Amino acid sequence: MGVAQTATGVTSAASPGPVPMRIPVGHPPFLYLDRYVNEGTRAYSPHAGYTEARESYRPDSSHPSFHLPVFQLPAEALRVFEANPPQALRALYIRPEGVALCVHPQLLEEAPKDPYLRKTLTLGTSRDPITVAPSSSTRTLYVLDMEDPTRLAAPHHALKVHFPFRISRYGRKMREEVVEQALNVSLELEVGVASLDHRFAFLREVLGVTHLDLEPQAPRGENWGYLVRDMTPFPPVQEARRLVPAHALYGRDFFHPERPPLLMEILAGDPAAGADPRAFLLEALFLPIIRHWVDCFLTFGFMLEPHAQNVLLEVDGEGALRRFIHRDLSLGIDMRRRRDLGLPNEGLNDYNRMEDGTFASIAYDRMMGGHFFDHLLAPVLAAFPTLAPEDFRGPCREEFARLFPDHERYFPRTVHYFSEERDEFGKPLYQDTGGGPEWRP
Ligand SMILES: Nc1ncnc2c1ncn2[C@@H]1O[C@H](COP(=O)(O)OP(=O)(O)OP(=O)(O)O)[C@@H](O)[C@H]1O
Ligand SMILES: [Mg+2]
């Protein structure tokens, strides 16, 4: 694919720039980066630093792991959702003798009256707990005991569990429609990913288990469960690669807060970056992530939420950034775009269907532009006083307009965000901030 020059001199094709960004080899492994190199990033809203997770279950605590209780229930007591799970992975959770239901220990400690927990305890028998470590999102848990011989053949994976306690702005439930929709989205992306940029990859949600609804007449199903996330990026590649969460580029190290951000180490060690940090960072990070957002929106109507916790950088053995791995498929779905494309919707349930551009603005302007890009820029602007935010936002606006000429059909003119008001289920309402967008025209 050819690489065109834009008016700003920044390359603007889907292919990588001539010099890929290199992340120094020898940095800590993914699990450490995800848990511990994230200090100071949760400052993007008045709620972002808030958590009701007990200390021992937080990513930013010195507890290396904890035991996740697992109950085995008869298959007919649960619903199982599948999106092409690797057989060895499926076999860990779905067995002839019963289906596993994983329950966050804080639920057992603090919500003994939860009707679905009671059902779990009444119908279920205890299985061996699983040793897990919290990810940066707290309620998604990395399964650590892969050395157990029965787990050997299964790929590395994570369990996203029901955690009805507030982290940041809202409680982190895993209701059935949420579990099911994440798998629906995963399947559709799996089938269609080849039509996206070759540097787009994602973590598949391959298995979901939920309780049956005890109150089908209620306005919303509160029956919950968990999902299984395959940690092998899709599409798979042959060679070994490592993952670096985007927040680890600018977050501080929990144990070594004096260490400069990884991003500054990258800029200092790369001659191309030193010569022109603006063009380097635009090409390496900002523009590809914008391209992926637009590509995914235009192709599927899916609105990625690329804040720094949801984007992973995949690097090869030499440390070169090869792909962006998008995680967390509980995204918004623009039904207008899907109608315009003539896409079928039978494979989707009603969760997070959107009929206007409000959520597009929240995801793009605030989660990506505000929560992530503005904060990623802060140490760069401090180190290079001749650079200004506009040096980055201008080319991003141009690229957005180039890739998405009819964006006005889908996006509002102003930026939208969560309001402090909530609906009957405690979900934040959306509001028009009245402010103009910065990372799109
Ligand atoms: N830099 C960051 N930016 C945004 N959220 C962050 C960041 N670091 C940690 N978090 C936490 O990650 C979560 C982000 O919410 P989000 O809905 O994307 O994730 P999730 O659905 O809970 O989990 P997962 O990403 O594992 O699917 C919140 O709990 C938030 O506090
Ligand atoms: Mg997330």
Of (1) touching a Lys or Arg at 6+ places or on another chain (Cβ under 9 Å); (2) more than 30 Å from V25 (Cα to Cα), N349 satisfies every one except (1)
Given the condition over 30 Å from R259 (Cβ atoms), out of contact with any Cys (no Cβ under 7 Å at 6 or more places or on another chain), buried (at least 19 other Cβ atoms within 10 Å of the Cβ) and modelled with pLDDT of 95 or more, answer yes or no: does some residue in the range 310-331 qualify? yes
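Residue by residue, here is whether (1) more than 16 Å from ligand 1 (Cβ to nearest atom); (2) within 28 Å of T299 (Cα to Cα) holds:
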| site | (1), (2) |
| --- | --- |
| R166 | no, no |
| V179 | no, yes |
| E188 | yes, yes |
| L203 | no, yes |
Hits in the range 90-121 - residues which are without any contact (Cβ under 8 Å) to a residue 40 or more places away in the chain and of a type in the set (K, R): R95, K113, R118
Got a number for residues in the range 287-309 being within 16 Å of ligand 2 (Cβ to nearest atom) and either under 20 Å from Y250 (Cβ atoms) or surrounded by fewer than 22 Cβ atoms within 10 Å (Cβ to Cβ) (or both)? 9
Which one of the conditions (1) away from ligand 2 (no atom under 16 Å from the Cβ); (2) in contact with a strand residue (DSSP E or B) (Cβ under 6 Å, 6 or more places away or on another chain); (3) within 30 Å of A388 (Cβ to Cβ) does A284 fail to meet, given that it meets all the rest? (2)
Go through (1) of a type outside the set (D, E, K, R); (2) in contact with a helix residue (DSSP H, G or I) (Cβ under 9 Å, 6 or more places away or on another chain); (3) assigned to a helix (DSSP H, G or I); (4) within 16 Å of ligand 2 (Cβ to nearest atom) for F359 and report which single condition fails. (2)
Here are some conditions: (1) modelled with pLDDT of 95 or more; (2) surrounded by fewer than 21 Cβ atoms within 10 Å (Cβ to Cβ). D145 meets all but one. Which one does it not meet? (1)
Would you mention how many residues in the range 239-263 are free of Cβ contacts under 8 Å to residues at least 60 places away in the same chain and within 16 Å of L321 (Cα to Cα)? 0
Can you pull out the residues in the range 311-328 that are more than 15 Å from ligand 1 (Cβ to nearest atom) and of a type in the set (K, R)? R322, R323
If you scan the range 276-296, which residues turn out to be more than 16 Å from ligand 1 (Cβ to nearest atom) and among the aliphatic types (A, V, I, L, M)? A279, L281, L282, A284, L287, I290, V294
Residue list for the range 291-330, restricted to those being under 17 Å from the mean Cα position of the chain (by Cα) and of a type in the set (A, V, I, L, M): V294, M303, L304, A308, V311, L312, L313, I325, L329
Might you let me know whether the range 297-310 holds any residue that is touching a residue at least 24 places away in the same chain (Cβ under 8 Å), within 15 Å of ligand 1 (Cβ to nearest atom) and assigned to a helix (DSSP H, G or I)? no
Kindly indicate whether G124 is surrounded by 14 or more Cβ atoms within 10 Å (Cβ to Cβ), more than 16 Å from ligand 1 (Cβ to nearest atom), at positive phi and free of Cβ contacts under 8 Å to residues at least 60 places away in the same chain. no
Taking T131 as meeting all but one of (1) within 16 Å of V209 (Cα to Cα); (2) touching an Asp or Glu at 6+ places or on another chain (Cβ under 7 Å); (3) assigned to a strand (DSSP E or B), write down the number of the exception. (1)
Among the strands (runs of 3 or more DSSP E) confined wholly to the range 165-225, which include 2 or more residues that are within 15 Å of ligand 2 (Cβ to nearest atom)? 170-172
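Every residue, every condition in (1) under 23 Å from the mean Cα position of the chain (by Cα); (2) at pLDDT 95 or above; (3) at negative phi, yes or no:
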| site | (1), (2), (3) |
| --- | --- |
| V19 | no, no, yes |
| I23 | yes, no, yes |
| G26 | no, no, no |
| P59 | yes, yes, yes |
| S62 | no, yes, yes |
| F66 | yes, yes, yes |
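The values are calculated or read from the model by the stated rules, or taken from the named source; none is laboratory data. Keep in mind that this is a model prediction, so the values were computed, not measured. Virtual Cβ from ideal backbone geometry, glycine too; neighbours counted across all protein chains shown.
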